[in-house]
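Notes to accompany the following structure.
Here, each number is a calculation from the coordinates, and none is a lab measurement. No experiment lies behind these values; they were computed from the predicted model shown. Counting neighbours? That spans all protein chains shown, and the Cβs are built from the backbone with ideal geometry, glycine included.
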Amino acid sequence: MSNGATAGTALFDLDGTLTDPAEGITACIRHGLAAVDVDADKHGPLERFIGPPLNDSFAGLGLTPDQVDEAITAYRERFAIVGMFENEVYDGIPELLRGLTEARWTLAVATSKPDIFAVKILEHFELRSFFEVVAGATMTGTRRTKVDVLKHALAELGPRTSADRMIMIGDRRLDIDAAHACGIGSIGVLYGYGSPEELIPANPSALANSPEEVGTLLGL
């Protein structure tokens, strides 16, 4: 690209797309549920809670609004101390981000995780410098859904590229649905926590089995 023009804008989900947070999130879910005397083992694999907002996940287990608030508080207490770092970057992600940056892509993060935690995780794993914007949920719930977060990210980025050069990259249907709601394309990644059965009906622009395939789809 010439004159410093951007090749496009790529917005990445965090959990299940840039990093594998299963150890920390599942342990924190157990901790949150224990705070309201709920046996996590009665609710099947906890990995399914990776991605969606915590409010929805806990409410979906039949918790009352007060129990949801108490479980989230306990979850975040553990997460802030240790859970956020019980995590690892997927193989190939640093190379993908570096390649996109060198190819003049503008990069951002759009995650349902509170932005204060998202920034700390990205800094811990030395990924923060790749992203011009890190958009997440608010701790108060004023920005909660993935559509809310993606709209906020796009507003923060401003009119850098046209909608047809913007792409949302994530592993759950929520990511694909949010991209549709915002009028941009999407790539569903199959190396995270969303299955083909979840992602294909959402009609993403493309699917990728690895970070390397994401790079190929974006022209690297």
Checked against the positive end of the charge dipole of the range 45-176 (+1 on Cβ of Lys and Arg, -1 on Cβ of Asp and Glu, about the Cα centre), the farthest of Ile169, Phe117, Val68 is Ile169
Could you list which residues have their amide H under 5 Å from that of Gly194, counting only those 5 or more apart in sequence or on another chain, with H placed in the peptide plane?
none
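Let's test the formula: R0 of 22 Å, r as the Cβ-Cβ distance of His180 and Asn209. What FRET efficiency results, to the nearest 0.05?
Values: r = 22 Å, r/R0 = 0.99.
The calculated FRET efficiency here is 0.50.
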Mean separation of Cα pairs under 8 Å and 6+ residues apart, divided by the residue count of the chain: what relative contact order is that in percent?
25
For Met166, enumerate residues with amide H under 5 Å from its amide H, sequence gap 5+ or separate chain, H modeled in the peptide plane.
Thr9, Gly185
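Grab the Cα-Cα distance for Arg98 and Asp56, subtract it from 0.36 nm times how many residues apart they are, and report the gain in nm with one decimal.
Net length gain for the segment: 11.7 nm.
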At 1.306 mPa s and 10 °C, Stokes diffusion of the range 22-85 via Kirkwood alpha-carbon radius, µm² per second
140
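Which of the three applies to the range 106-220, rounded, prolate or oblate, going by the alpha-carbon gyration tensor with a ≥ b ≥ c and a/c under 1.5 meaning rounded?
Values: a/c = 1.33, a/b = 1.28, b/c = 1.04.
Cα axes put the range 106-220 in the rounded bin.
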Charged-residue dipole, Cβ positions (Lys, Arg, Asp, Glu), the range 154-220 about Cα centre, Debye nearest 20:
200
For the range 157-171, what does the Karplus curve 6.51 cos²θ - 1.76 cosθ + 1.60, with θ = phi - 60°, yield as ³J(HN,Hα) per residue in whole Hz, taken in order and with x for Gly and Pro?
6, x, x, 7, 9, 6, 4, 6, 10, 10, 9, 9, 10, x, 9
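Given +1 on the Cβ of Lys and Arg, -1 on the Cβ of Asp and Glu, and no further charges, what dipole in debye does the range 57-145 carry about its Cα centre, rounded to the nearest 20?
Numbers: 9 positive and 13 negative charges, 54 e Å.
For this selection, approximately 260 debye.
Work out how much length Ser162 to Glu197 would gain on full extension: take 0.36 nm times their residue separation and subtract the Cα-Cα distance, in nm to one decimal.
Values: separation 35, 0.36 × 35 = 12.60 nm, distance 3.05 nm.
Result for the pair: 9.5 nm of gain on full extension.
Grab the Cα-Cα distance for Leu220 and Val119, subtract it from 0.36 nm times how many residues apart they are, and report the gain in nm with one decimal. The partial results should precede the final answer.
Details: separation 101, 0.36 × 101 = 36.36 nm, distance 2.62 nm.
Extra length from Leu220 to Val119 when fully extended: 33.7 nm.
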What is the dipole size for the chain, taken about its Cα centre, with +1 at each Lys and Arg Cβ and -1 at each Asp and Glu Cβ, in debye to the nearest 20?
660
Square roots of five times the Cα gyration tensor eigenvalues for the chain, Å
30, 17, 16
Backbone N under 18 Å from the Glu70 label point (7 Å along Cα→Cβ), restricted to the range 16-44:
29-41
Of Tyr90, Pro211, Met139, whose Cα points farthest to the positive end of the dipole of the chain (charges on the beta-carbon: +1 Lys, Arg; -1 Asp, Glu; origin at the Cα centre)?
Met139
What is the local net charge at Gly99, summed over the other residues whose Cβ is closer than 15 Å to its Cβ (Lys, Arg +1; Asp, Glu -1)?
-3
Give me the net charge of Glu212's neighbourhood, meaning all other residues with Cβ under 11 Å from the Cβ of Glu212; Lys, Arg count +1, Asp, Glu -1.
-3
In whole Hz and in residue order, list the ³J(HN,Hα) couplings for the range 110-117 that follow from phi through the Karplus curve 6.51 cos²θ - 1.76 cosθ + 1.60, θ = phi - 60°; x for Gly and Pro.
10, 10, 6, 6, x, 5, 4, 6
